[in-house]
1. Can you tell me which residues in the stretch 404-432 are part of a helix (DSSP H, G or I), closer than 23 Å to residue 394 by Cβ and without any contact (Cβ under 8 Å) to a residue 60 or more places away in the chain?
2. Out of all the residues in the stretch 69-93, which are surrounded by 12 or more Cβ atoms within 10 Å (Cβ to Cβ) and not in a helix (DSSP H, G or I)?
3. Can you confirm whether residue 513 is in a helix (DSSP H, G or I) and in contact with a helix residue (DSSP H, G or I) (Cβ under 6 Å, 6 or more places away or on another chain)?
4. Is there a residue in the stretch 82-101 that is on the phi > 0 side of the Ramachandran plot and at pLDDT 90 or above?
5. Going through 583, 620 one at a time, which residue ends up being part of a helix (DSSP H, G or I) and surrounded by fewer than 22 Cβ atoms within 10 Å (Cβ to Cβ)?
6. For the stretch 481-512, give me each residue that is in contact with a strand residue (DSSP E or B) (Cβ under 6 Å, 6 or more places away or on another chain) and surrounded by fewer than 18 Cβ atoms within 10 Å (Cβ to Cβ).
7. Tell me, which residue of the stretch 433-480 that is part of a helix (DSSP H, G or I) and touching a strand residue (DSSP E or B) at 6+ places or on another chain (Cβ under 7 Å) is farthest from residue 410 (Cα to Cα)?
Amino acid sequence: MRHLATWCYRHRRTVLALWLLALVASTGVAKAAGSQYSNSFSLPDTESTRALHLLKAVAPKQSGDTEQIVVATSGGSTLTDTVIRSQVEGMLARVATLPHVTDIVSPYEPAGQKQVSADRSVAFANVTFDSQVQDLSVDLAKTFVDTAKSGRVSNLQVAVAGQLADRAARQGLGGTGLGIVAAAVVLFLVFGSLLATALPLITALVSLGTAIAVVSLLSHVLKMPQFSGQLILLIGLGVGVDYALFIVSRYRQNLLESRDVEASTVTAVDTSGRAVLFAGIIVCIALLGMFALGVSFLYGLAVAASIGVLFTMVAALTLLPALLGFFGPRVLARRDRRRPGQASSGHQRGRFWSAWTGVIGRQPLVILAASLVIMVLIALPFFSLRLGNSDAGNNPKSSTTRQAYDLLAKGFGPGFNGPLQVTARISSPTDAATFARVLDAVSRDRGVASVGAARTLGPNGQQIALSQVYPRSAPQDAATQALIDRLRHHTIPAADPGRTTPVYVGGTTAVFTDFARVLTAKLPLFIGVVVVLSFFLLATVFRSVAVPLTAAIMNLVSAAAAFGILTAVFQWGWLGSVFGVNRTGPVEAFLPVMLFAILFGLSMDYEVFLISRIHEEWLRSGDNGEAVTAGLDATGRTITAAAAIMVLVFGAFLLGGQRVIKEFGLGLAGAIAVDAIVVRSAVVPSVMLALGRANWWFPRSLHRLLPRLAVEPPISADEERAA
């Protein structure tokens, strides 16, 4: 670390030029090549997957994405009026000429009679493509939506529903700019210097710009969700600013101790930089650990988020030392530049933290009990958490998908926004009769609003039959999930007791339901692996059993608090209007996995920063009480400032963008606030004070088995004199 920091400092012009070249070159290439973001939901062996494979094998042109073009009249007109019908049919004819469109079922065809509402004011056409949505381009998505909307006239409204239509919408980045401004305000309050404020922001933005361009290029070879760029900004901006904040804070402290600029830079990277390196690697490992879940949708997310964290970490360890070489002592406030050498570590500590450490020292068990009560209350909604996939009813009211959702719900019922697809292989007249009997049983289920006419596809002898089944409830409702289970495990088996004809319940809604179930089943294993990993890593660094055990338990409680906040706001609707939640629904199925991986790394960051200082004081004094209070006194201000920046950056993403980005923003902001304010500032110090010397007990067998890692090595006397 010292060699790296020294080289970057002494070759600062080269380092700066390389980073700027990487930013400009990658951005230029990415703009020229474009992006190929896609939401791929390839699952292990589930019923919806088997239904899709059956369609692909027998009727590949019918196995692709299905969109709905919704038309609605106003002003007393009906869809059967000659002018209106001519307008709609002309628009559908233009859509039929688009690339990859293989079939359109018009509401004016005999097969589409059930696609017209009773009052003939709302209807929809089913448009089938030859590929899944992740294999269709964004340009095609926009052309498709524009072509459909070309049918609009004064008394005819047209909207499009489906994943391809959703992909055509340009999603905003939320309050990115406001988040940056808020971070700058906090940095200025902490540092009192505009140059010191600019350093973390410059480092984070340069690295994130490069990372987003690289991920955009990688989207051509690895399937990455559409919101990957937003996710990188969300995570990388908070993490990148925090990493730079830790190093700049140590650099300023070194300058105030009368070190020269180079020695201050090298020492800052060799101490706080080690914690940054450690925390950044752990975040990447936790994110990439999602590959073990075997769900392809998470692969792209894991890679994109890891690249964002990796680039911000590398920039903090290379670009930041170079910039410190350019700025020198000007990162100090004016008053501190006039009196170098007069500030000690105690000078940097605020009165609040000195008073707070005194309170904890006198009543550790009372503070611990009060803190745990607060966290349990915040986490209580977690036990009602329901995972799923929010439907288009949560989209902005100005979007075409939301307009289509509202029109379908008005004309037919909310279930028409997420039809199920019942599919079976037809090899004989017996199979056809069985399928007809199954559809009759399905139509009589209390949760089914309508069953479409059966269609037969494929060559003779290898045909399949399929039918659209429209639930009474919305796609994201628990009642729809219950209907899928009932059809699969009760209704269909009862209609075909011998299961002579395998019948599958598939379609987009069923795919998302299966996706949520697969992740829910694998989530405990993933969390267990992450917790065990965190335990051994902290045990290796601090040679303690109590410290990593406390950290592991608190990681679980912090995550539960984050999920409790998400459940209360997005699922129950508490303070929904405040956070821009216009409709309640389930929490996205993949969110707990992503949130836990990210929170694990971020909490590890704060844990290492706090415990390393406490451990340093323990090695110096041998007094546990003094070590805990001195460590918290020295780091409390920096940790809370770093947390405040993250909370503001993450919270800014609630101001716009997709629902899933809002969920990420609120979940991360809430968890970071709880972790920094309650866990690191109250729970961990209270536990360590209550345990006393037992904090540092470590079995000899583990001491010999585990390697030694130095995250914050103490500065030697020789280095002190040299500085």
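1. Residue satisfying the conditions is 406 alone.
2. Correct list: 69, 70, 71, 72, 73, 77, 78, 79, 80, 81.
3. yes
4. yes
5. Criteria check complete, one pass: 620.
6. 488
7. Per the criteria, the residue is 435.
Each row is one residue, and each column tells you yes or no for (1) more than 15 Å from the chain's Cα centre (by Cα); (2) outside the structural domain of residue 318 (by TED's automatic domain parsing); (3) in a helix (DSSP H, G or I).
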{"site": "205", "(1), (2), (3)": "yes, no, yes"}
{"site": "211", "(1), (2), (3)": "yes, no, yes"}
{"site": "216", "(1), (2), (3)": "yes, no, yes"}
{"site": "220", "(1), (2), (3)": "yes, no, no"}
{"site": "225", "(1), (2), (3)": "no, no, no"}
{"site": "235", "(1), (2), (3)": "no, no, yes"}
{"site": "243", "(1), (2), (3)": "yes, no, yes"}
{"site": "249", "(1), (2), (3)": "yes, no, yes"}
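The values are calculated or read from the model by the stated rules, or taken from the named source; none is laboratory data. None of the values given here were measured: they were computed from a predicted structure. Methodologically, a virtual Cβ is constructed for each residue, glycine included, from the backbone with ideal geometry; neighbour enumeration extends over all protein chains shown.
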